[in-house]
1. Residue under question is Glu2, and the condition is that it be surrounded by fewer than 17 Cβ atoms within 10 Å (Cβ to Cβ), assigned by the TED database to the domain that holds Ile146 and touching a residue at least 24 places away in the same chain (Cβ under 8 Å); does it hold?
2. Exactly one of (1) open to solvent by 70 Å² or more (accessible area, probe 1.4 Å); (2) free of Cβ contacts under 8 Å to residues at least 40 places away in the same chain is unmet by Lys95. Its number?
3. Residue by residue through the range 5-44, note down the ones that are in contact (Cβ under 8 Å) with a residue 40 or more places away in the chain, among the β-branched types (Val, Ile, Thr) and open to solvent by less than 50 Å² (accessible area, probe 1.4 Å).
4. Among the numbered conditions (1) at pLDDT 90 or above; (2) in contact with a Phe, Trp or Tyr (Cβ under 8 Å, 6 or more places away or on another chain); (3) closer than 24 Å to Tyr242 by Cβ, tell me where Lys134 comes up short.
5. All but one of (1) of a type outside the set (D, E, K, R); (2) open to solvent by 30 Å² or more (accessible area, probe 1.4 Å); (3) within 18 Å of Leu23 (Cα to Cα) hold for Ile88; which doesn't?
6. Show the residue pairs meeting these rules: Cβ distance below 7 Å; 6+ apart or different chains; first residue within the range 247-268 and touching a residue at least 24 places away in the same chain (Cβ under 8 Å); second residue of a type in the set (D, E, K, R) and part of a loop (DSSP other than H, G, I, E, B).
7. Got at least one residue in the range 58-80 being β-branched (Val, Ile, Thr) and within 25 Å of the chain's Cα centre (by Cα)?
Amino acid sequence: MERSIINFHTFIRRYCIDRSDMLKSIRLDTQLKTLGIYEKSMSMTEEQVVHAIYQRIKSLSREEAIKIENDPTLRKNECSINIDILEITLENIEKIDPLQYKNLNSIKNACSHMIQSSKLRGNTHYHGWSEKEKEKIIDTERSQLITLINETDEDDLTDVPPLFFRRVLSEDKEKSLLFAIKKKWHEKVEQKSSFSNKDYLLIHENEFKKVFNQEKIIQTLLQRGEKRIYQLNPWELKGVSYQMDTHLILTNPKTELYWCSDKLDWAIIKDHEDHYHIWGDCFFNTTELFHTDLNKNER
């Protein structure tokens, strides 16, 4: 029974992730076609596509921008409301610890409650959608997922592919970790305490990928026995923080995030000015972590 409970939780998480990814793909294709750069984008990397969209939008006249904004195909396939409610629902589902439930019905009821109570952020606006239309879209997404839950039984859960671990932290745990990071690392910087070359690195995002081998960072942490780490989101309004699998570190594009582990002997912070602050000699005691010589970079 324990395996079916865990598999059910994984099954629902995967539904939210896969459906959100599918809708994002539809939205992106529609945006590229509306902007007239779909064919050109087919041979681009993800980073190049983002840059191409930005450059195209910058080049639009006011009249062109209004025409695109009112394009019925773009409006129909924008999917932003669907994606947002799915991502908020996923956050709520990931607050649930499946091991706290004794049977399948109890976790199904808990997930249904989380889905019904999921609401869009109060500060989010959706161009062109009335309140009634917005609520209809939200209700449809909720109903589809709850129907899936009701129709899923133990026989459907015997062969559910595993999914990465990620659990939403309580506010108390988040606060205690942020306090510990500030006390151990931030105060040293604020007091201008001296760091050796193996203590601290401040580097802009543009240089980060040139200098650091991200996969080696992950391997270094795993070799230290840190299979799970924390990702803290202290600044985003109603944002959530996680304990998660180590291989997910540095994969989130949000403006400002903190990463650390239970040991608190290292920390990585991406700040709102797109700088990375890297603390802990575990990241500097081997050249395998780096693409280039750190001595060439300002510390």
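The values are calculated or read from the model by the stated rules, or taken from the named source; none is laboratory data. Please read these numbers as outputs of a predicted model, since none were measured by experiment. Note that we place each Cβ from the backbone using ideal geometry, even for glycine, and neighbour counts take in every protein chain shown. Each accessible area value is taken on the protein alone, full model and side chains, heavy atoms only, with ligands, DNA and RNA left out. Shrake-Rupley method; radii C 1.70, N 1.55, O 1.52, S 1.80 Å.
1. yes
2. Checking Lys95 against (1) open to solvent by 70 Å² or more (accessible area, probe 1.4 Å); (2) free of Cβ contacts under 8 Å to residues at least 40 places away in the same chain, the one that fails is (2).
3. Ile5, Ile6, Thr10, Ile12, Ile17, Thr30, Thr34
4. So the condition that Lys134 fails would be (3).
5. (2)
6. Ser261/Glu226
7. No; the residues of the range 58-80 include none that is β-branched (Val, Ile, Thr) and within 25 Å of the chain's Cα centre (by Cα).
Okay, residues lined up against (1) in contact with a strand residue (DSSP E or B) (Cβ under 9 Å, 6 or more places away or on another chain); (2) on the phi > 0 side of the Ramachandran plot; (3) open to solvent by 40 Å² or more (accessible area, probe 1.4 Å); (4) not acidic (Asp, Glu):
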position: Gly122; (1), (2), (3), (4): no, no, yes, yes
position: Ser143; (1), (2), (3), (4): no, no, yes, yes
position: Glu154; (1), (2), (3), (4): no, no, yes, no
position: Phe165; (1), (2), (3), (4): yes, no, no, yes
